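Okay, so here's the structure we're looking at.
The values are calculated or read from the model by the stated rules, or taken from the named source; none is laboratory data. Owing to the predicted nature of the structure, the values given are computational and were not obtained by experimental measurement. Note that each Cβ is placed from the backbone with ideal geometry, even for glycine, and that neighbours are counted across all protein chains shown. Side chains included, ligands, DNA and RNA excluded: accessible areas come from the protein's heavy atoms. Shrake-Rupley method; radii C 1.70, N 1.55, O 1.52, S 1.80 Å.
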Amino acid sequence: MNVTALLAEFVTKSSPEDYPEAAAEAARRAILDCLGVMIAGSIEPAARILQHVAQGEGGAPLCTIVGTGRRTGALWAALCNGTAAHALDFDDTNFALMGHPSAPVLAAALAAGELALADGRAMLHAFLLGFEVETTVAEVVNPAHYAHGWHATCTLGTLGAAAAAARLLGLDTGQTRTALAVAASQSSGLKENFGTMTKPFHAGHAARSGVLSALMAREGWTASEHALEGPQGFFHVLGAGQQALEPLATLGAPWKILTTGVAVKPYPSCACTHSIIDGALELRRVQGIQPAEVEEVTVGVAAGVPRILIHSRPRTGLEAKFSAEFAAAAALADGRVGMATFQDDRAQDPAIRRLMERVRVIVDPEIPGDLERHMWTRLTVRCRDGRSVSIGPRPVPGHPANPLSLEALRDKFTECARLVLPADRADSVRQMVESLDSCPDLRSLTAILDPVR
């Protein structure tokens, strides 16, 4: 099976009439959520550094750097915006991808869409195609690919970004096949960099690589026709021994955004911490547990989680996003978890550090290990007075089985967007995304993604 050609044909021959309204609505919601965290992330240090580099090195000012009032070349815009979207680790996840599907695809689609003078419907369709490509390939290689150490947001997101960019730039089937092949050679991203600025860079790198691949292919670049399935191609080299080709038969039938779904994050940290945070907050709220009463906290996790939550004693806010110990301690100490929780000063807060010393993480064999449930946890708090209370494994808010309401999603978007945009402009962005299909020119959206000066 020529997988590269199969994906290219799917991307180029797909029509807007091929996807149901349910898929379009799921995409609009994903774009709204991702755009909100991209706006908020645009003022994070990682995003600011890249914006500064882009200001000195960028190309023709054709594309928007979200949240800055500046424009640059398409590649730099994709890099900056993809990084901003992932800077807070507040962007959505997908359990087949085992990563963040929207950040690289949306950042690439915004840049390519501005270059192509696309309308909102075209961008929505391209986003769905990018999402479909990255999650379908994920089903071929995961979980072995992710377990081997690859950050799938980058490795697989690069392919999704290339698919979205190729569609928006009007590439034919042969050119799209080349774009996917070039993207496969740019796939990278190591989980060892979790808890540093390089993790959000992975999303930006994927977006930039996708747009670059499409631009190169449009100009006549060449690449192997078998870059994915060939004997030295993506599947064999990055697949870590796994290669289940059956999912390729279901491209767009049904759409993966409806089957594997989108998990919207209620907390700005690694998704593996969310069950811990949610459980700790509930125990404090319902049982009235106060930090001074805690003798020991036991966090039971699935077998693969300790290789993701790698910072047991975090030194920075970024490391704290990948710490089970910090997640439990901060939730119990503060009674709430939000963007302010994962700052450097909070990672060093004496009260939280003292409570972290009482948190023990164990592998619980009763926690399911499948893709949809491996992030569940069991939280047990033993108090100094002898009481012991526990919350067992369950889906948290935002999980596809327990989705956020539209009102909650809007509230999250507003909270994020208003960190940068005035209230009326944030509301205008929300309304435009919610009716994206009728947007006649994508630039009417990108023009209001900047603070009023």
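A probe of 1.4 angstrom, applied to the heavy atoms of all protein chains, finds T341 with accessible area near 10 square angstrom. Placing +1 on the Cβ of every Lys and Arg and -1 on the Cβ of every Asp and Glu, with no other charges, gives segment 268-423 a dipole of roughly 120 debye about its Cα centre.
Accessible surface comparison of S209, S312, probe 1.4 Å, protein chains only, largest first: the order is S312, S209. Couplings 3J(HN,Hα) for segment 111-122, derived from phi with the Karplus relation 6.51 cos²θ - 1.76 cosθ + 1.60 (θ = phi - 60°), are 5, 5, x, 5, 4, 8, 6, 6, 9, x, 5, 5 Hz, where x marks Gly and Pro. Backbone phi angles across segment 302-315, fed through the Karplus curve with coefficients 6.51, -1.76 and 1.60 (θ = phi - 60°), yield HN-Hα couplings of 5, 4, x, 5, x, 7, 9, 8, 8, 10, 6, 10, x, 9 Hz in residue order; Gly and Pro are listed as x. With q set to 0.15, 0.21, 0.28 Å⁻¹, the log10 of I(q)/I(0) for segment 127-170, from the Debye formula over equal scatterers at the Cα positions, is -0.35, -0.61, -0.90. Judged by the ratio a/c of the largest to the smallest principal axis of the C-alpha gyration tensor, segment 116-273 counts as rounded, that ratio being less than 1.5.
Past 19 Å, Cα to Cα: identify those pairs from K191/K321; K191/K412; K265/K412; K265/K321; K256/K321, in the order given. Check vs 19 Å cut-off fails for K191/K412; K256/K321. Using the Cα coordinates of segment 373-421, the gyration tensor eigenvalues translate into equivalent-ellipsoid semi-axes of 32, 16, 9 Å, sorted from longest to shortest.
A simple rule links phi to the HN-Hα coupling: the Karplus curve 6.51 cos²θ - 1.76 cosθ + 1.60 with θ = phi - 60°, which for segment 321-331 gives 5, 10, 9, 5, 5, 5, 4, 5, 5, 5, 5 Hz, with x for Gly and Pro.
Along its principal axes, segment 315-453 has C-alpha extents of 62, 35, 24 angstrom, given from the largest down. Extension gain for V389-T316 works out to 23.3 nm (0.36 nm per residue, less the C-alpha to C-alpha distance). This model, with +1 at the C-beta of Lys and Arg and -1 at the C-beta of Asp and Glu, gives segment 70-131 a dipole about its Cα centre of some 200 debye.
For segment 308-371, the C-alpha radius of gyration divided by 2.2 N^0.38 Å, with N the number of residues, is 1.14. Of interest is the spacing of the C-alpha centroids, which for segment 150-226 and segment 282-302 amounts to 43 Å.
Rounded to the nearest 5, the antiparallel percentage of DSSP beta bridges internal to the chain is 75%. By the helix-only formula, in which each DSSP H run with n ≥ 4 contributes -39500 (n - 2.57) and the sum is divided by residues, the chain has a 222 nm mean residue ellipticity of -15000 deg cm²/dmol. Around the amide H of E296, modelled in the peptide plane, lie the amide H atoms of R382, all under 5 Å away and 5 or more residues distant in sequence or on another chain.
So how far, in whole Å, is the C-alpha centre of segment 64-98 from the one of segment 319-347? One Cα centre to the other: 24 Å. Nonpolar atom fraction for the chain, defined as the carbon and sulfur part of the 1.4 Å probe accessible area, stands at 52 percent.
By definition, a body whose alpha carbon gyration tensor gives a ≥ b ≥ c is oblate when a/c is 1.5 or more and a/b is not larger than b/c, and segment 7-157 fits this oblate description. The heavy atoms of D172 present about 80 square angstrom of accessible area, all protein chains included, probe 1.4 Å. Dimensions of segment 1-51 along the principal axes, based on C-alpha atoms and rounded to the nearest Å, stand at 43, 29, 14, largest first. Evaluated with a Cβ-only charge set (Lys, Arg +1; Asp, Glu -1), the chain carries a dipole of roughly 1000 debye about its Cα centre, given to the nearest 20.
The heavy atoms of M98 offer some 30 square angstrom of accessible surface to a 1.4 angstrom probe. For V361, the amide hydrogen comes within under 5 Å of the amide hydrogens of V299, counting only partners 5 or more places away or on other chains and with H modelled in the peptide plane. Accessible area per residue for the chain is 36 Å², calculated with a 1.4 Å probe on protein heavy atoms, without ligands, DNA or RNA.
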